[in-house]
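**Student:** Structure incoming, see below.
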Amino acid sequence: MPRVDRTDPKRSKSSESSYSLMEFMRAFPDDEACLQWLWRTRFSPDGKHAYCEKCKQDRVFKRYATKQRRFSWTCTGCGRHKSATAGTIYESSATALNLWFYAGYLLTSTRCGISAKQLEREIGVTYKTAWRMLNKLRKIAMADDSGPLSGDVEIDETSVDGRPRKQQGEPLPVPDRPSEAAKPRERSRATVVAAVERGGRIKATVLPSRRGPQLKRQVVEWVEPESILITDDWPAYHGLDRHFIDHSRINHSAGYYVQGDTHTNTVEAFFGHLKPAIRGTHRKVSHRWLQGYLNEFVWRRNARLSRNPMFE
Ligand SMILES: [Zn+2]
């Protein structure tokens, strides 16, 4: 039998995991380790020198172990403090950094994400805290800030089940005309539009309506003009051809789904993964939080293209 190094287990070649829980725990065992990581990653690669805004140059920074300055390093030239967490979602949080990092680890290492209930159990905080942490991670840390898409770009829209928001103390309105009876149901389904670069990145957002102007505006904002757009024959996409070099449409309503390169299978596959995952992990998602879940899904998919471990 070949010798194996018990301290450095090998993954099978087919494993999708690039960062195991054991590796995570070794790297971020406690609050202090996370703080050091933030300091080095954000400001000081060598852990000693950082740029001082007051001295306007790189200076040696020292850590003074007083309770109040726990998160800061101090410039040895002028005494200015620099906080490793300033401007991050961890700033002024009462929750330990290693719990935040672990929540981030769970969000990025699982295929379908995690629910607040599950996080509550995993890290031993209240449901409210767990919920707030996930919401911040999704809304801020996972927000898409990448540039527009280009090349062959598939666009499609879909409805996602949601819970309509009920105003506090207000009973649901009783419809007095048959046409209004359908409205609450329509309101409980949110429109999600997504754009996928073939072989590349994806973008997705919640729109208040799937009708014309908003949908068009979103597409123009997301996609470079030198791109080829591929959509179905939903009327809201009419007229987009003048913004792009070409616009191919697949006639879904006539029963066509693939004609040569003209299909929206890539973006439909994304929806096909998104919907059951939202249903499975979160049951129903109110419209207000849906964008956060979308960020999470888009983030996870786009992160696969990057060589860095997802968690980082
Ligand atoms: Zn200074």
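The values are calculated or read from the model by the stated rules, or taken from the named source; none is laboratory data. This one's a predicted model, so the numbers in the text were calculated from it and none came from an experiment. Cβ: placed from backbone, ideal geometry, glycine included. Neighbour counts: every protein chain shown. We work out accessible area using only protein heavy atoms, side chains counted, and drop any ligands, DNA or RNA first. Shrake-Rupley method; radii C 1.70, N 1.55, O 1.52, S 1.80 Å.
**Student:** Using a Förster distance of 35 Å, how high is the FRET efficiency between ARG288 and GLU226, based on the Cβ-Cβ distance and rounded to 0.05?
**Tutor:** After rounding to 0.05, the efficiency reads 0.45.
**Student:** Just subtract the alpha-carbon distance of GLU32 and THR110 from 0.36 nm times their residue separation and send over the number in nm, one decimal.
**Tutor:** Difference between extended and current length: 25.6 nm.
**Student:** Go through the stretch 272-279 residue by residue and turn each phi into a ³J(HN,Hα) via Karplus (6.51, -1.76, 1.60, θ = phi - 60°); whole Hz please, and just put x for glycine and proline.
**Tutor:** Rounded to whole hertz, the list is x, 8, 4, 5, x, 5, 5, 4.
**Student:** So what J values fall out for the stretch 205-217 if you push phi through Karplus, 6.51 cos²θ - 1.76 cosθ + 1.60 with θ = phi - 60°, rounded to Hz, Gly and Pro as x?
**Tutor:** Each residue of the stretch 205-217 in turn: 8, 8, 10, x, 8, 9, 7, x, x, 5, 4, 5, 4 Hz.
**Student:** Quick check: pseudo-label points 7 Å beyond the Cα along Cα→Cβ at CYS78 and TYR64, how many nm apart are they?
**Tutor:** About 1.7 nm separates the two model spin labels.
**Student:** For the stretch 50-153, with every protein chain kept in place, what is the accessible area per residue (1.4 Å probe, Å²)?
**Tutor:** Result: 55 Å² of accessible area for each residue.
**Student:** Once fully extended, how much extra length lies between GLN118 and ALA269, figured as 0.36 nm per residue of separation less the alpha-carbon to alpha-carbon distance?
**Tutor:** 51.7 nm
**Student:** Considering amide H positions built from the backbone, and no H for Pro or chain starts, which residues 5 or more places from CYS52, or on another chain, come under 5 Å of its amide H?
**Tutor:** GLN57, ASP58, ARG59
**Student:** So, R0 is 30 Å and r is the distance between the beta-carbons of ARG40 and SER150; what FRET efficiency does that work out to, to 0.05?
**Tutor:** 0.30
**Student:** In whole Hz, what ³J(HN,Hα) sequence does the stretch 135-146 give by Karplus (6.51, -1.76, 1.60; θ = phi - 60°), x for Gly and Pro?
**Tutor:** With coefficients 6.51, -1.76 and 1.60, one gets 4, 5, 4, 6, 6, 10, 5, 9, 5, 7, 10, 8 Hz.
**Student:** Kindly state, to the nearest 0.05, the FRET efficiency for ARG132 paired with HIS238, given R0 = 41 Å and r defined as their beta-carbon distance.
**Tutor:** 0.45
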